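Reading through the C-alpha cells given below for one structure.
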Amino acid sequence: MSSTQDMESQHTKALLGITFASLLLVALKGSALLQYWQQTHHILLEFGSLPSASSYLPDTRLIKEWKRQWDNTQQYWSGIIDQSESRMLLAGQLLLLGDEALPEPELPVVVAPVCPKQEVITQACPEPVAPPKPVAYETPAAAMAETLTVASAQTSIAIDTAAANTTTESIDTPDESQPGEPLPEATPEAITAAQGPILLGANDRILLVGDSLMQGLAPHLITNLKRKYKVESMDLSKHSTGLTYPAFFDWPATVEDAFELEDYSVVIVFLGANDPWDMTIQGRYIRFGSEPWAAVYRERVARIINTAAAHRARLVWLGVPPLGREDLIGKAPTLNAIYAEEASKMPLFARFVATDPTLTADGSSFTKFLELPERGSVMVRTDDGVHFTTQGHRLLANLTLTQFGAAPPAEKPVEDAANATDGTDTGNTATNNKITQR
C-alpha cells in the first residue's frame, strides 16, 4: 500500500514539475512561439490589445508605467505597515495606561479675518508735452538725403548684427545634420542621385517595420544584408498590425521610439495587409477607400516617412501584393496609391517599390503559382490568399535587395614615395595628403 502511495506521490510531483516548466517556457518564450506558429501555419491570431514592440525597450512608456505602479504599490504597503505599527503601539499603551494614553484632540484654530485698509490713490495728470518742431529743409533733396542717411545707418546695423550671429552659429553649430533641421533641397540632380541604389556600409543599421508578411520576409533580408553588406538589422515586425487601428498597435509612434533609442540608416516598411477595413474616428464611421478614410490613413503613412527623413534615413516602402482572400480582393491598389504618392513627396529619402510585377503572372492579379526559370511551376502564396511560401519570401527578398548597393571604401591618403623615403619636405607631403583626401 505504501509503495502505491509513494508512486502516486512521485507521479504528482512529476506532473507538477512538467506543468511548471511548461508555464515558465510559455512565459519566457511566448512571443517566439507565437511567431513560429504564425509563420508556420500562416493564420491571424487575435489576442486583444498588445503592447507595442518598442514598448519593451528601455526608457519607454510601458517600462515607466510599470515603475510608477510599482512605486505606488510600495508607498501603499509602506503606509499600511506604518499605520499598523502605530495602532499596535497605541493598543499596548491603552492596556498599560488606560485612557491617559489617548492623544489630546487638536482644536481648530480660528483666525478672525482682517479687512484691508482702504487707500485712495491719486495720480496727477502729466504735463502736456509740446510736439517737436518740424525741421525746415532748404530743398526737397536735402530732406531725401536725411532720410537715406538714417535708413542706411539702420541697414548697416542690421547687417552687422546678422553677420555677428552667423559667425557665432558657424562656430557653435556642428556640421552633422540633426532632426528638426531643414531638409536639403530636392534639386533634379539630387533626385536623380537618390533614385540610384542605396549604398550600405558596415556602420549602417536597418530597421524592419511590418506585419506578419514582414515576419516571414525579415529572416531572408537580415541574412542577405549581413552577408553582402556587413550591416545589422532590427526587426520590429508584428503580426496582425497595420495603420488602421493605432489603438491596437501604433506604428508611427513605434518608429519614432525606435529612432529615439538608436540611429538607423535605412527603414524598410511592409505594411497594409491588415488595413483594408473601415475606421471609427471620434465616434464617426468612415468607410474604407472614402476621402475621409484616405486622409486619415495618408497622415499616418506620412508620419512614418517624415520620421525617417528627419533622421536623414532612407526609407523603402514595399507595396501590398494582390490579395486573394474574398473580402480583400481589389483593395491593395488603394493602399499602394497612397504609399507611392506620400513617398514621392520626399524623393530624397523615400521610395515606393511595387511588388506586383515580381509576384504575379500578369502584373496585377493574385497569383498562387508562378513559372520560374529552371524550376517550373512554384507555389508562392499560401491557401489563405494573403501570406507567402518560402519561395515567395525569397522572391520578395531578392526584389528588396535590388534597392541596395555596396558603399565604396573610404579613400586613404597617398604619401609621396620620395618624401617618405628621405623624410624631407614635410610641408609638401601634408599638402599632398590634403589634396588627395579632397
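The values are calculated or read from the model by the stated rules, or taken from the named source; none is laboratory data. This structure is a prediction, so every number in the text was calculated from the model and none was measured. Because the Cβ atoms are built from the backbone with ideal geometry, glycine has one as well, and the counts that use them run over all protein chains shown. Accessible surface is based on the protein model in full, side chains and every heavy atom, while ligands, DNA and RNA are left aside. Shrake-Rupley method; radii C 1.70, N 1.55, O 1.52, S 1.80 Å.
Among the residues of the stretch 269-290, is there at least one that is open to solvent by 50 Å² or more (accessible area, probe 1.4 Å), in contact (Cβ under 8 Å) with a residue 24 or more places away in the chain and more than 15 Å from the chain's Cα centre (by Cα)? Yes, the conditions are met somewhere in the stretch 269-290. Residues of the stretch 191-216 that are touching a Pro at 6+ places or on another chain (Cβ under 9 Å) and part of a helix (DSSP H, G or I): Ile191, Ala194, Leu213. Within the bounds of the stretch 202-220, is there any residue that is more than 17 Å from the chain's Cα centre (by Cα) and over 21 Å from Phe404 (Cα atoms)? Scanning the stretch 202-220 turns up at least one residue that is more than 17 Å from the chain's Cα centre (by Cα) and over 21 Å from Phe404 (Cα atoms).
Taking strands (runs of 3 or more DSSP E) that fall entirely within the stretch 237-300, which contain at least 3 residues that are not charged (D, E, K, R)? Result: 266-270, 279-281.
Residues are listed down the side, and each one gets a yes or a no for (1) over 36 Å from the mean Cα position of the chain (by Cα); (2) at pLDDT below 85:
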position	(1), (2)
Phe352	no, no
Phe366	no, no
Pro409	no, yes
Asp422	yes, yes
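Every residue in the stretch 298-326 that is touching a Lys or Arg at 6+ places or on another chain (Cβ under 8 Å) and either of a type in the set (Asp, Glu) or surrounded by fewer than 20 Cβ atoms within 10 Å (Cβ to Cβ) (or both), please. Matches in the stretch 298-326: Ala302, Gly324.
Scanning the stretch 371-384 for residues that are surrounded by 17 or more Cβ atoms within 10 Å (Cβ to Cβ) and touching a residue at least 40 places away in the same chain (Cβ under 8 Å) yields Arg381, Thr382.
Taking the stretch 217-232 as the range and being assigned to a helix (DSSP H, G or I) and open to solvent by 60 Å² or more (accessible area, probe 1.4 Å) as the test, the residues that pass are Pro219, Thr223, Lys226, Arg227, Lys228. Candidates in the stretch 328-357 are the residues that are of a type in the set (Phe, Trp, Tyr) and in contact (Cβ under 8 Å) with a residue 40 or more places away in the chain; of these, the one that is least open to solvent (accessible area, probe 1.4 Å) is Tyr339. When you look at Asp383, is it over 21 Å from Leu217 (Cα atoms), of a type in the set (D, E, K, R), modelled with pLDDT under 95 and outside any helix (DSSP H, G or I), yes or no? Criteria not met by Asp383.
Restricting Asp235, Asp250, Asp204 to those that are at pLDDT 95 or above, of a type in the set (Asp, Glu) and surrounded by 21 or more Cβ atoms within 10 Å (Cβ to Cβ) reduces the list to Asp204.
Checking each residue in the stretch 308-335 for being in a helix (DSSP H, G or I) and within 26 Å of Asn398 (Cα to Cα) picks out Ala308, Ala309, Ala332, Pro333, Thr334, Leu335.
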